[in-house]
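The values are calculated or read from the model by the stated rules, or taken from the named source; none is laboratory data. Please read these numbers as outputs of a predicted model, since none were measured by experiment. A quick note on method: Cβ atoms are made from the backbone with ideal geometry, for glycine too, and the neighbour counts reach across all protein chains shown.
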Amino acid sequence: MANIHTAYLHSLVLQHQCHPLQLVAELTSASFCHEYLVYEHENEWAIGINKRLQLTVNHRSEVCDFEGKVAQVNPHHLCQYIHRATQTLSGEDWRLFGRADFEFSRFAHDLPQQECQHPLLELFVAETELR
C-alpha cells in the first residue's frame, strides 16, 4: 500500500498599514508559529512560517533532500543537486526560504570542515507564507 502524505501550502498577500517588522513580531508570537524566517528584497517582505519540506547540507557533504533521502554530494555539484531536488516539488507559487552558516563557504570551496551538529545550509518550503 502506498504511503500518501498530504500537505497544504498557504500563501497569502496581506494589505496592512503597519511596519512589516511589527506584523512579523505579532505573527511569530502566535501559538501556531513554531519556526519562521523573514526576508526583504526590494521592499517586498516575505515571512515563511513553519516548515512543510526541507533540504539540509551538513559538514560531511551529506544532503538530506525534500523527501528525506540522504546523499553524499560533491560541493562543486551542489547547485545542480538542489536544482534537481526543487524540480520534484509539487504545487505552484511556493517560495524557498533558507539560511546558510558562514562555515558553508568552507564547504562550498571544498576546504576542510570542522565538526558541527547543525546543518550548514537549510532550505525549506513554508507551511504558511505571507508576502
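Every residue, every condition in (1) touching a strand residue (DSSP E or B) at 6+ places or on another chain (Cβ under 6 Å); (2) modelled with pLDDT of 80 or more; (3) buried (at least 17 other Cβ atoms within 10 Å of the Cβ); (4) among the hydroxyl-bearing types (Ser, Thr, Tyr), yes or no:
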| site | (1), (2), (3), (4) |
| --- | --- |
| Ser29 | no, yes, no, yes |
| His41 | no, yes, no, no |
| Gly48 | yes, yes, yes, no |
| Gln54 | yes, yes, yes, no |
Working only within region 70-104, note down all residues that are of a type in the set (S, T, N, Q) and either in contact with a strand residue (DSSP E or B) (Cβ under 6 Å, 6 or more places away or on another chain) or farther than 21 Å from His41 by Cβ (or both). Gln72, Asn74, Gln80, Gln87, Thr88, Ser90
Taking Arg99 and the conditions (1) within 30 Å of Gln22 (Cβ to Cβ); (2) of a type in the set (Lys, Arg); (3) surrounded by 16 or more Cβ atoms within 10 Å (Cβ to Cβ), which numbered condition does it fall short on, given that it satisfies the others? (3)
Select from region 52-73 the residues that are of a type in the set (S, T, N, Q) and free of Cβ contacts under 8 Å to residues at least 24 places away in the same chain and list them in ascending order. Gln72
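So that you can scan it fast, the table gives a plain yes or no per residue for (1) modelled with pLDDT of 95 or more; (2) surrounded by fewer than 17 Cβ atoms within 10 Å (Cβ to Cβ); (3) outside any loop (DSSP other than H, G, I, E, B); (4) polar (S, T, N, Q):
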position: Val63; (1), (2), (3), (4): yes, no, yes, no
position: Gly91; (1), (2), (3), (4): no, yes, no, no
position: Leu111; (1), (2), (3), (4): no, yes, no, no
position: Gln114; (1), (2), (3), (4): no, yes, no, yes
position: Gln117; (1), (2), (3), (4): no, yes, no, yes
position: Glu122; (1), (2), (3), (4): yes, no, yes, no
position: Thr128; (1), (2), (3), (4): no, no, yes, yes
Do the conditions hold for Tyr81, that is, is it among the aromatic types (Phe, Trp, Tyr), surrounded by 15 or more Cβ atoms within 10 Å (Cβ to Cβ) and not in a loop (DSSP other than H, G, I, E, B)? yes
